[in-house]
Every structure is written in structure tokens, then in C-alpha cells.
1. Buried (at least 21 other Cβ atoms within 10 Å of the Cβ) and within 15 Å of the chain's Cα centre (by Cα): does that describe residue A:176?
2. Of the residues A:256, A:232, only one is at pLDDT 80 or above, of a type in the set (Gly, Ala, Ser), under 27 Å from residue A:130 (Cα atoms) and more than 16 Å from DNA strand B (Cβ to nearest atom); which?
3. Every residue in the stretch A:37-59 that is farther than 25 Å from residue A:117 by Cα and either at pLDDT below 90 or part of a strand (DSSP E or B) (or both), please.
4. Cβ contacts < 7 Å: first residue under 17 Å from residue A:147 (Cβ atoms), restricted to the stretch A:161-189; second residue within 9 Å of DNA strand B (Cβ to nearest atom) and at pLDDT below 90, any location; separation 6+ or different chain. Result?
5. Tell me which residues, restricted to the stretch A:113-143, are among the charged types (D, E, K, R), closer than 13 Å to residue A:72 by Cα and either at pLDDT 95 or above or outside any strand (DSSP E or B) (or both).
6. Of the numbered conditions (1) within 10 Å of DNA strand C (Cβ to nearest atom); (2) aliphatic (A, V, I, L, M); (3) assigned to a loop (DSSP other than H, G, I, E, B), residue A:188 satisfies every one except a single condition; which is it?
7. Kindly provide the set of residues from the stretch A:243-281 that are more than 11 Å from DNA strand C (Cβ to nearest atom), farther than 18 Å from residue A:1 by Cβ and outside any loop (DSSP other than H, G, I, E, B), ordered by number.
8. If residue A:17 passes every condition in (1) exposed (fewer than 15 other Cβ atoms within 10 Å of the Cβ); (2) in a helix (DSSP H, G or I) but one, which one does it miss?
Amino acid sequence: MPELPEVETFVRGIAGKLRGRTFGAARLTHDDVLRGVTRRRLLTRLEGARVIRVFRRAKHAVIVTDRGRLVVQPGMTGSLFVRSKVQDPRSKKPSARTLDLAPRTCDYAVLRIALSDGKLLIYRDPRRLGTLLWLDEPGWEAYDAALGPEPLDPGFTAAVLGRILAGSRAAVKKVLMDQRALAGVGNIYAQEALFEAGIDPSKPANRVPGEAVPRLHRHLVRILRTAVASRGTTVRDYRTGSGEPGGFQLELKVYGREGESCVRCGTSLAGTHAIDARITVFCHRCQR
DNA sequence: ACGAGGTCCTGCGAGC
DNA sequence: TGCTCGCAGGACCTCG
């Protein structure tokens with residue numbers, strides 16, 4: 001489930017391999033990932049476009065070309081990577097840890113774009129909850145403006161978080177995950193940050209006490225930075241662009257641990273679907 | 001402005 | 001072994 005750290009990992013993996021390259025033939029296997037662009041338009045725009053730069057915004061990878069921007073939103077099972085076109089038959093067998101994640105056949109590739117150096121840019125998405133957009137500059141500016149601030153930007157202070165929380169009566173976890181309020185945070189990191197800060201995920205955002213806001217801010221930023229450094233969290237499908245699992249799953253204290261004991265107080269962790277119909281795991285003793 | 005619920009998708013694990 | 005079933009989930013939508 002790519003959130004900010006996972007998308008950042010994809011982007012770091014491909015940015016240097018794409019910059020300055022020109023896209024050749026592009027192939028799209030499914031139209032249902034497209035939003036606001038037709039297959040014909042996307043493919044004709046892509047073919048011959050030259051990559052200027054690649055960056056992350058929220059949970060999106062943005063590939064800026066001289067003709068417009070390809071915006072990739074990986075949804076929950078999407079991934080983005082560059083690989084050699086022809087697998088070298090002499091290459092050693094994939095190691096156990098890369099075996100299932102970088103299938104040499106590249107199953108589930110939704111979009112493949114040939115690069116001018118002979119490699120391939122691949123968007124892979126088994127469940128296709130991800131989306132692809134093609135935006136011109138005004139389109140991008142409007143899209144970008146609708147997203148909340150980047151939590152890892154220096155401008156994202158505890159005061160900014162405080163204003164975001166004060167503006168909503170919805171559950172604090174839901175607000176953290178609302179991309180219009182704050183960019184890049186999803187189910188995993190919202191839960192982890194709320195646990196570390198000792199805040200009940202279902203608490204209305206505007207009732208989070210003032211003194212808890214800097215704590216939440218500090219933990220949220222720290223967790224996201226640590227997860228980026230660990231190259232993301234691997235649960236089920238996610239792998240880095242080079243096919244390796246991330247490392248942050250070792251740090252998870254609540255996500256996926258329903259029924260296990262709280263690392264802080266030993267209480268059995270509770271799980272609920274009450275917030276946004278999403279699994280939320282928390283410690284009802286440590287989080288108030 | 002909020003919660004609730006449906007929709008998109010398909011791999012996977014559980015259960016029979 | 002082989003089947004069905006329901007869950008997983010980010011973003012977006014409608015409805016009350």
C-alpha cells in the first residue's frame with residue numbers, strides 16, 4: 001500500500017534512470033487505470049516525450065516531460081520501476097528475497113514504455129486500484145493545489161498541523177489520511193503516528209488537545225523520515241523498485257497487530273472498522 | 001460538515 | 001486437491 005515513503009522509494013529508484021531519456025513505444029494493457037485521458041491520447045503524448053525530471057507529490061509519482069506530466073498514483077498495489085528489456089539468460093537465478101516481487105516475466109505490467117537507452121519503464125499493478133493521469137501545466141497546478149501540505153517539507157510545522165486538525169470534527173485518523181488536508185499519509189503511518197503520540201484514532205480532530213499536537217507532529221514526521229530511510233514498509237505486495245522488500249515493517253507497533261500485545265503496556269491491541277471502514281488497530285489504554 | 005455506505009479491481013487466505 | 005467466498009484498500013462518489 002504505497003504511501004509517501006513507498007512512493008518516494010519508487011521515485012528515487014527511477015528518477016536518475018529517466019532524466020534526459022526519451023520515451024519510445026508505449027503499451028497499455030488496461031484502460032481502466034486511466035483518469036481524464038484516453039488511451040489514444042496518453043500513448044501519442046508519451047511516445048517521443050523527453051523526461052525533464054521526476055518527483056513525488058503526496059502519494060503520486062510525477063514524471064515531467066517536455067509535453068506534459070504523467071502522474072502515477074499507485075493505489076494499493078501499484079509499483080513503478082525501470083528494468084532491462086531483455087532479461088539476461090545467463091544472469092543468476094533471482095534470490096529468494098527477490099523471487100516473487102520482481103517476476104522476470106513481469107506479470108501485471110499495466111504500462112510499459114521503452115526508453116531511449118533500451119530499458120523499460122514499467123508500471124505494474126495487480127489489482128489496478130492505481131490510476132494514471134496525463135496533465136498539462138494548468139491541469140497540474142490545479143491538481144497540486146487541491147492537495148494538502150507535504151509533511152516532510154520544512155514548512156510543515158506543529159502549528160500547521162494544529163490548524164488542519166482544528167478545522168475538522170471528523171476522526172483525527174481520517175483527517176490525517178485526507179489528501180486534501182495533508183498529503184501522503186495513509187492507513188499505516190496514520191495508525192503508527194497516533195499510537196506513538198498516544199491519541200485515540202477516533203477522537204474528533206478538533207478535540208485533540210493542544211499539548212498533544214506537537215507530539216503528534218513530531219512522531220508523524222519522524223516515522224515518515226524513518227520509513228523513507230528504510231525504503232518503505234512491505235506488507236504483501238510492496239517492493240522497492242529493485243525488487244527488495246522495504247524495512248519499516250520491522251518497526252510497526254500497531255498496524256497488522258490486532259490481538260497482539262501493546263509494546264508499551266502489554267494490553268491486547270484492539271481493531272476496529274469504525275473509522276472510514278478501514279482496519280484501525282490501537283491500544284485503548286495508551287491512546288486516549 | 002459529517003458519517004455511512006457503495007464502487008472500482010483482483011490476489012490471496014480461509015474454510016469447506 | 002479444488003472450489004467458493006470475503007477481505008484487503010486509496011480515492012472518489014452519493015445519500016441522509
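The values are calculated or read from the model by the stated rules, or taken from the named source; none is laboratory data. All figures in this text were calculated on a predicted structure; none of them were measured in a lab. Ideal geometry is used to build each Cβ from the backbone, glycine not excepted, and the neighbour counts take in all protein chains shown.
1. Against the criterion (buried (at least 21 other Cβ atoms within 10 Å of the Cβ) and within 15 Å of the chain's Cα centre (by Cα)), residue A:176 qualifies.
2. A:232
3. A:57
4. Between residues of the stretch A:161-189 that are under 17 Å from residue A:147 (Cβ atoms) and residues that are within 9 Å of DNA strand B (Cβ to nearest atom) and at pLDDT below 90, the close pairs are A:174/A:275; A:174/A:276.
5. Scanning the stretch A:113-143 gives A:125, A:128.
6. Status for residue A:188: all satisfied but (3).
7. A:261, A:268, A:270
8. Checking residue A:17 against (1) exposed (fewer than 15 other Cβ atoms within 10 Å of the Cβ); (2) in a helix (DSSP H, G or I), the one that fails is (1).
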